[in-house]
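Contents: one structure, followed by commentary.
Quick note: the coordinates plus some simple rules give every number you see, no bench work behind them. Given the structure is predicted, the values throughout are model-derived calculations rather than measurements. As a convention, Cβ positions derive from the backbone with ideal geometry for all residues, glycine included, and neighbour counts pool all protein chains shown.
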Ligand code: ADP
Ligand code: MG
């Protein structure tokens with residue numbers, strides 16, 4: 001059973017000073033599953049994704065990616081130090097696309113995709129360039145290769161950011177509100193790409209306010225409130241018959 005999991009999170013907790021921002025998070029994601037994470041602003045969605053990639057150090061909990069331990073948060077610097085190597089080895093297995101500021105402004109699109117492959121995965125320039133070209137072509141972005149980020153629309157930037165993450169061959173992809181900084185007319189092109197990506201069987205966790213998208217594309221919806229997962233189930237069930245009153249009121253506000 002466990003070997004079919006792309007991600008397994010147990011007992012994850014995170015506080016900023018006295019504020020407990022994540023509390024007792026358990027989340028298993030099967031390979032190929034698409035999970036939408038929804039919830040009010042400030043409920044801990046971004047912090048959860050950041051803890052999954054160890055951009056934020058969790059205070060407690062255990063994370064497995066592809067059946068291998070990614071990190072175990074225990075108090076004490078020794079333990080943190082020991083898990084450093086495991087963290088560095090596992091981090092490239094998770095691709096992350098943020099709301100904005102995904103690309104290096106001083107590099108062309110091609111170089112944005114080539115560099116991380118060379119630096120993190122130690123691919124040769126030839127291999128990295130071949131992969132970048134194939135990835136861009138596969139997403140219909142080949143003609144953007146020589147452009148610089150300033151010459152891209154917001155939607156193009158996000159699609160290039162997704163191409164860059166995919167070129168690293170991640171075991172799973174995390175998206176933190178990938179369309180929320182976009183003008184309305186550009187949202188569709190990014191959601192279409194996410195939909196295509198889901199159809200290829202990529203394992204994805206998408207934090208989003210796009211409920212229509214979540215309904216169509218997500219296998220599961222996780223609703224968070226005040227640092228906890230309050231509801232977790234099949235998309236239709238969660239959206240159409242919310243059992244928790246906080247979810248019902250959240251949905252009535254955003255739909
Ligand atoms: P969401 O993404 O759901 O809007 P966040 O995960 O960004 O929520 O934030 C959850 C809570 O943690 C908020 O109260 C936020 O102010 C707080 N928070 C997030 N990052 C930090 C930080 N680096 N330092 C202190 N507080 C933070
Ligand atoms: Mg957020």
Checklist outcome for this item: Taking every DSSP bridge whose two residues both lie in the chain, the antiparallel percent to the nearest 5 is 60 percent
Next on the checklist: For segment 111-183 and segment 214-255, what is the centre-to-centre distance using only Cα atoms, to the nearest Å?
Outcome noted: 31 Å
Next on the checklist: Quick check on the chain: helices-only [θ] at 222 nm, where DSSP H runs of length 4 and up contribute -39,500 (n - 2.57) each and the sum goes over total residues. Nearest 500, please.
Outcome noted: -12000 deg cm²/dmol
Checklist outcome for this item: Sorted on mean Cβ neighbours within 10 Å (highest first), peptides 210-220, 16-26 come out as 210-220, 16-26
Checklist entry - Mean projection of the alpha-carbon convex hull of segment 203-255 over all orientations, in nm²? => result 3.5 nm²
Item to check | Largest to smallest principal axis extent of the C-alpha atoms in segment 93-203, angstrom | outcome: 39, 31, 21
Item to check | Sequence of 33, 111, 146 once ranked by neighbouring C-beta atoms within 10 Å, starting from the fewest | outcome: 146, 111, 33
Checklist entry - When the chain is fully extended, how far beyond the present Cα-Cα distance does residue 20 get from residue 153, taking 0.36 nm per residue of separation? => result 44.1 nm
Item to check | Label-point gap, in nm, between residue 142 and residue 219 - each point 7 angstrom along Cα→Cβ | outcome: 3.2 nm
Checklist entry - In whole Å, what are the Cα extents of the chain along the three principal axes, biggest one first? => result 50, 47, 37
Next on the checklist: Could you tell me the calculated FRET efficiency between residue 55 and residue 241, based on Cβ-Cβ distance and R0 = 35 angstrom, to the nearest 0.05?
Outcome noted: 0.50
